[in-house]
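Below is one structure, written out as structure tokens; the observations come after it.
The values are calculated or read from the model by the stated rules, or taken from the named source; none is laboratory data. This structure is a prediction, so every number in the text was calculated from the model and none was measured. All Cβ positions, even for glycine, are placed from backbone atoms using ideal geometry, and neighbour counts span all protein chains on display. In case anyone asks, the SASA skips ligands and DNA or RNA and just uses the protein heavy atoms, side chains included. Shrake-Rupley method; radii C 1.70, N 1.55, O 1.52, S 1.80 Å.
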Amino acid sequence: MIRLPLLSFFVALLSFSSIPVFAQNEPGGSLDDIARFLAGQPVSATSPLEGLMRMPSVRNHYAETQALSQDWEDLRMKKIREWATTEIQSQIARPPETVKYLFGGPDFVHVEGIFPGASEYVLVGLEPLGTVPDFFAITEAQWERYLSHLNHTLRSITRRNFFITTEMREDFGKEGVDGVFPVLLYFAALTGHEVQEANFVTLGPDGKVSQTDSATNADGIWLRLRDSKPGSPPQQDLYYFKTNLANDGFHAGSPFHGFLLDRPGGVGYLKAASYLMHTENFSNIRNFLVGDCRFLLQDASGIPADFLALYYNVTYYGNYIGPIDMFSEYDQPKLRAIYQSGIAKPLPFGTGYRMKDEHSVQMFGVRK
């Protein structure tokens, strides 16, 4: 369980109430209250965070975040969940044990919306892990800057549906927002999950997970969640790893390779993956995914479509008009021919680099 740097936060809470230092099921002043606070949602009545609601900066944060959450629901997530229920979950038959969302950064919102009820979610990116500040040791002006900048770091996901690594790298480290940890807490609350526990973790040479006290020497963050929605498992694990997936970082014997080997099968999810697996430098992770995942959902920037079709029976959705200008070299003539044949099914939402509904692509593969 995380003790540092959160320890100073909870020590500060003691001056406001008799709530002890955070424990897994502590009802007040818990990580769940912090997550709900960051996401602009009501905290428990006994939480010391309730006392911060008198601050104008906090009230503004709540108003802005609640409006943003409603926009996400009305404009995007409702469509995604309805489509996934009909087209994806019906083929998977039951919630997967593990969903492997690589190259997606801390984007828990979309993967959970498409694959709800999984026992385990594994997210991978290059963004730093980060910490949560001592909320009671900063001034209201610092509060205002922190909350404003937290929302600013989410601009890619709210406007585009994916994170841009270069933007996140630039944003983190400013105004106390130093990594993905507060973003993961925010998204956990936004998706209706209770945060029961959190740890910084390291990966051993064999891929086994161990807890550590500090983000400095950690490889990832692990959250234990509980989802009250019907059919959800009693607990869910959310991992975020900062790791290199190029061939020099991901290969037989590397720690993250061992971590995935311990979780065979399940579902792979790829979105706005920069066409990296179209290059030889990312052939190891490409080959691993097609040899491992029972199901795989992706846009055109994931695994090359002709390579995917060798291993999966693929259902195509949307409309392929080619890559955006930045990735023009990765046009896929065979994929274009498939879409021109008229076999693709409708896709009611935009996703990936092609954000317009009429230009987006989803390919759902079921292993042959």
| message | For PHE349, what residues show an amide H to amide H distance below 5 Å, using hydrogens built from the backbone and excluding near sequence neighbours? | response | none
| task | Mind listing the long-range amide H neighbours of THR243? Cut-off is under 5 Å, sequence gap 5 or more, other chains count too, H placed in the peptide plane at 1.01 Å from N. | result | GLY125
| In the chain, what % of DSSP beta bridges are antiparallel (nearest 5)? | 65
| request: Among ILE285, GLY342, PRO48, pick out the residue whose Cα is farthest towards the positive end of the charge dipole of the chain, where Lys and Arg carry +1 and Asp and Glu carry -1 on C-beta, about the Cα centre. | output: GLY342
| message | Once you place label points 7 Å from the Cα toward the Cβ at GLN211 and ASN244, how far apart are they in nm? | response | 3.0
| said: Per 0.36 nm of contour for each residue apart, how much would the distance between ILE343 and SER328 grow if the chain were fully extended, relative to their Cα-Cα spacing? | reply: 3.0 nm
| Could you give the dipole magnitude of the range 220-359 about its Cα centre, charging the beta-carbon of Lys and Arg +1 and that of Asp and Glu -1, in debye to the nearest 20? | 460
| field | Ordering of 117-127, 82-92 by burial proxy (mean other Cβ atoms within 10 Å per residue, highest first) | value | 117-127, 82-92
| field | Integer Hz, Karplus 6.51/-1.76/1.60 couplings in order for the range 253-268, x for Gly and Pro | value | x, 6, x, 6, 4, x, 4, 5, 4, 6, 10, x, x, x, 10, x
| To the nearest 0.05, how large is the calculated FRET efficiency for LEU68 and GLU280 if R₀ is 45 Å and r is the Cβ-Cβ distance? | 0.65
| message | Quick check for you: which residues of the range 90-133 have the amide N under 14 Å from the point 7 Å beyond the Cα of ASP357 toward its beta carbon? | response | none
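Of the listed pairs LYS79/LYS100; LYS208/LYS334; LYS229/LYS334; LYS100/LYS334; LYS208/LYS356, which have alpha-carbon separations greater than 30 Å here?
Exceeds cut-off: LYS208/LYS334; LYS229/LYS334; LYS208/LYS356.
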| Rg ratio (alpha-carbon, reference 2.2 N^0.38 Å) - the chain | 0.99
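What accessible area per residue, rounded to a whole number of Å², is obtained for the chain using a probe radius of 1.4 Å?
Accessible area per residue: 41 Å².
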| field | Net length gained if the chain between LEU75 and ALA252 were fully extended (0.36 nm per residue, minus Cα distance) | value | 59.5 nm
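Can you pull the percent of the chain's accessible area that's carbon plus sulfur, 1.4 Å probe, other chains left in place? Intermediate values should be presented prior to the final figure.
Numbers: 7750 of 15020 Å².
The value for the chain is 52 percent carbon and sulfur by accessible area.
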